[in-house]
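These notes are about the structure you will find just below.
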2 protein chains.
Amino acid sequence: MHILITGAAGMIGRKLTDALVARGTIQGTPIDSLTLVDVVPPVMPDGMPGAAMAADLSDPKAAVALIENRPDVIFHLAAIVSGEAEADLHKGYSVNLHGTILLCDAITRQDGYRPRLVFTSSIAVFGAPLPDVIPDDQPTLPLTSYGTQKAMGELLISDLSRRGALDGISLRLPTICIRPGKPNAAASGFYSSILREPLVGQDAVLPVPDTTRHWFASPRAAVGFLIHAAEMDLAPMGQDRALSLPGVDATVADEIAALERVAGPDAAARIRREPDETVAKIVAGWPQAFDPARARDLGFVAEPDMDTIIRVHIEDELDGRIPGTDG
Amino acid sequence: MHILITGAAGMIGRKLTDALVARGTIQGTPIDSLTLVDVVPPVMPDGMPGAAMAADLSDPKAAVALIENRPDVIFHLAAIVSGEAEADLHKGYSVNLHGTILLCDAITRQDGYRPRLVFTSSIAVFGAPLPDVIPDDQPTLPLTSYGTQKAMGELLISDLSRRGALDGISLRLPTICIRPGKPNAAASGFYSSILREPLVGQDAVLPVPDTTRHWFASPRAAVGFLIHAAEMDLAPMGQDRALSLPGVDATVADEIAALERVAGPDAAARIRREPDETVAKIVAGWPQAFDPARARDLGFVAEPDMDTIIRVHIEDELDGRIPGTDG
C-alpha cells in the first residue's frame, strides 16, 4: 500500500507517521511506500521506502504531482490554523479551501482511481448559538474562515464520494489535549497548558472561568481516529461523509480535578487564574460537548475521561513518569 | 447605481433586467449603469447605459474585469443547471463553484469595496431523508453536485459577509412555476408543463403520482425576491446569510385543481398520466415544503396559492387571457 500524508511535519502528522511505521500495515496489507509532504520537509522514518518533500498545496502542480503516483490512502491534514486563517484571508482560503479542491481535482482527473481520502475537518464548522450537547444533525454554521473552509471541504468530499470519484471521510477532530510542546498563541492553548506545564513543575495561566466546558481527545486518540477512518468500510455512512467524533466532555474544573488525582495537589496549585475577557469571549462561541452517536456506532473510540487523557500524555511524552515524583 | 447581473441571458436574468429597467431605481437611487453577462451575449434594453457581454465566469480574468468597475449591486445568477452539473463533473464545479469563488475573490481584492451580492442558491442544498416541512435550521446535505456547489457558495458568502469583505445573501429559490417557454428535459419540467401546455390548448404528460408534493414560486415572485434581497438591510440576518424562501406548497392534484378553477375542466383534461419510475424516483428525494419563518420575517413574499401562480403566468406570458376563451 502506498500512503500519502499532507501536513506530515505537524504534530499529528508526525505521530500518524510513527504509528503507521510501527504497524507496518494498513487495511491488512503491508505499507510499501510512504509519501510525506508539508511546507517544510517532513522527516522520513528510517528504513521506510518513499519520499519526504516540501510542497505548497495551493500550487496546482503540487497536487497533480502527488496524485500521479496514485497513493492508495491519503491523509489530508495540511491546513493553515484557525488564527492565521482569520488574520490572512487569502492565505487561509488558498491553503485550506483551494489546497483541498486541487487535491480532489487531481484525484478526479485520474481514470479508474478511487483512493481512500481521510480529511481532518474541525468542530469549528459549528458556531454559536449551539445546544449544550451537539447532535449529529447539527447544521454547520461556522463563525470563522477556518471553520468555513473545513465545512466547504466536507461538502466537496461527500459529493465526490457519492459520485464514486474517491472514497472519502471528513473527521471533525475534538480539541487535542494534551498538545505536546511549548505554549503557543492559540486561544485554545490554555486547555493543554494548564495540564502540561504543571506536570513538569512549571506554572500555567488560566484565562477563563473554571466552569468553561469543552470537547477533548488526546493526540493518541486522534491518530487512532485517522487510522480507523482509513481502514473501515465507509459505505454505511451513505451520502454524509462528515463525522463529529467521540471525545471527553470536561470543564476546566474537571481538568484541574483530574490533574490533582493523577499528579497531586502541588501540580494543581501551579495553575494561576488570570481572567482574560478576550479569550473568554472567543471560547464562549465554541462547542461544549457532542453526542457523536454515528461515530460511536462506526467504531470510533476516544478516552473515557480526563484522567486517562493525562495518563496518555505521561506515557507518550514523559516516558511514563512525572518528573520529580515516583509516579 | 451600477448593477451587474451574471447569467443575464437566462429566463430569470431577462425578467430581472426588465424589472430593473421598469423600476429605474435600486435602494432608492437611480440605476445609471447595467452590466449584463452570460455565456451568450445578453440583450441590452433600449436606452439603458451599460454593457452586455459574453464571458466565461470560470476564467479568472473574467471576474476581475467585471469587478474592476465596482458594481454597487451584483446579482450572481450564472450557473450550470442541475442535470448538466451531474452529467459533467468538471464543468459543473468549474462554473458553479469556481465561478462563484473567482467572483468573490475579485471582490475581496478591491480595497474599500463592499458590494451587495445576491446569490441564487437552490433548495437542492437539501436532500433526502427530509422532514415533510423543512425548518430554517435544516442541515444542508445535498444529493447532487449542483446542490453541493450551491451549499459551498452559501458558506463562502456568509463568511465573507461576516468579515465585511462583501454584503451578501444566498437565496434558495423554490422551483419556478410556471416556467415559460418550451418543455425541457429537466426532471422537474412537468411541474410547469402540466399547467403551461393545457393553458394554450396543448396536451401535457404527467410522469408522477397526483400525490407528489413540491414547493413553488412564480418567475415574478423570484424577481421580487431578488430585488428585495438587493434592497433590504442584511445585518439582522447575522452570520447565516442563506435563506430558504416562501413558496406555495402544492401537490400535483392541487396544481390540477387550480388549473381547472382558473381555466376550466377542458384544460385539466389535457393532462395525460404516463407514470415514469425514473422521474418519480428523482422527485421523491426533493424537498416537499418549507416553513421559511426567517424569510417571512425579513419581508420576502410569495404567491398565496397555485391559482395565483397560474394567473401570474396568464398576465405575464399570455397577455392576460387564455387563448380560445374569453378569460
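Every read-out reported here was derived from the displayed coordinates using simple, explicitly stated rules and does not represent laboratory data. Being a predicted model, the structure only gives us computed values, none of them experimental. Positions of Cβ are backbone-derived with ideal geometry, glycine not excepted, and every protein chain shown enters the neighbour counts.
For (1) surrounded by fewer than 24 Cβ atoms within 10 Å (Cβ to Cβ); (2) under 21 Å from A:ALA230 (Cβ atoms), each residue gets a yes or a no:
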{"site": "A:TYR93", "(1), (2)": "no, no"}
{"site": "A:ASP105", "(1), (2)": "yes, no"}
{"site": "A:LEU117", "(1), (2)": "no, yes"}
{"site": "A:THR120", "(1), (2)": "no, yes"}
{"site": "A:LEU130", "(1), (2)": "yes, no"}
{"site": "A:PRO139", "(1), (2)": "yes, no"}
{"site": "A:GLU154", "(1), (2)": "no, yes"}
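Look at (1) within 14 Å of another protein chain (Cβ to nearest Cβ); (2) out of contact with any Asp or Glu (no Cβ under 9 Å at 6 or more places or on another chain); (3) of a type in the set (Ser, Thr, Tyr) and you find that B:TYR93 fails only one, number (2). Quick one: is B:PRO207 away from chain A (no Cβ under 14 Å), within 20 Å of the chain's Cα centre (by Cα) and either in contact (Cβ under 8 Å) with a residue 24 or more places away in the chain or surrounded by fewer than 24 Cβ atoms within 10 Å (Cβ to Cβ) (or both)? Judged against the criteria, B:PRO207 is not a match.
Evaluate the stretch B:118-133: report whether one residue or more is within 12 Å of chain A (Cβ to nearest Cβ), assigned to a helix (DSSP H, G or I) and either touching a residue at least 24 places away in the same chain (Cβ under 8 Å) or within 18 Å of the chain's Cα centre (by Cα) (or both). Yes: one or more hits. Taking the stretch A:215-244 as the search range and keeping residues that are in contact (Cβ under 8 Å) with a residue 12 or more places away in the chain and in a loop (DSSP other than H, G, I, E, B), which one is farthest from B:ALA128 (Cα to Cα)? In this case the residue turns out to be A:SER218. If the condition is being assigned to a loop (DSSP other than H, G, I, E, B), of a type in the set (Val, Ile, Thr) and farther than 23 Å from A:ALA289 by Cα, then the stretch A:161-214 contributes only A:VAL200. Taking the numbered list (1) surrounded by 15 or more Cβ atoms within 10 Å (Cβ to Cβ); (2) in a helix (DSSP H, G or I); (3) out of contact with any Gly (no Cβ under 7 Å at 6 or more places or on another chain) in turn, A:ILE314 passes all entries but (3).
Tell me, please, whether a residue that is in contact (Cβ under 8 Å) with a residue 60 or more places away in the chain, surrounded by 15 or more Cβ atoms within 10 Å (Cβ to Cβ) and either in contact with a helix residue (DSSP H, G or I) (Cβ under 8 Å, 6 or more places away or on another chain) or not charged (D, E, K, R) (or both) can be found in the stretch B:37-53. Within the stretch B:37-53, not a single residue is in contact (Cβ under 8 Å) with a residue 60 or more places away in the chain, surrounded by 15 or more Cβ atoms within 10 Å (Cβ to Cβ) and either in contact with a helix residue (DSSP H, G or I) (Cβ under 8 Å, 6 or more places away or on another chain) or not charged (D, E, K, R) (or both).
Of the helices (runs of 4 or more DSSP H) lying entirely inside the stretch A:1-93, the ones with 1 or more residues being of a type in the set (Asp, Glu) are found at A:11-23, A:60-68, A:82-87.
In this structure, is A:ALA250 in contact (Cβ under 8 Å) with a residue 40 or more places away in the chain, among the aliphatic types (A, V, I, L, M) and in a loop (DSSP other than H, G, I, E, B)? Answer is no for this residue. Kindly indicate whether B:GLU154 is under 30 Å from A:ALA124 (Cα atoms) and either outside any loop (DSSP other than H, G, I, E, B) or more than 11 Å from chain A (Cβ to nearest Cβ) (or both). Yes; evaluated as a whole, the condition is true for this residue. A count restricted to the stretch A:158-173 and to residues that are facing another protein chain (nearest Cβ under 10 Å) and either surrounded by 24 or more Cβ atoms within 10 Å (Cβ to Cβ) or of a type in the set (Gly, Ala, Ser) (or both) stands at 4. The number of residues in the stretch B:271-287 being assigned to a loop (DSSP other than H, G, I, E, B) and surrounded by 19 or more Cβ atoms within 10 Å (Cβ to Cβ) comes to 2. Within the stretch B:210-243, the set of residues being within 14 Å of another protein chain (Cβ to nearest Cβ) and among the aliphatic types (A, V, I, L, M) comprises B:MET237, B:ALA242, B:LEU243. Working carefully through the options B:GLN138, B:GLN149, find the one that is polar (S, T, N, Q), within 11 Å of chain A (Cβ to nearest Cβ), touching a Leu at 6+ places or on another chain (Cβ under 9 Å) and assigned to a helix (DSSP H, G or I). None of the others qualify; the one that does is B:GLN149.
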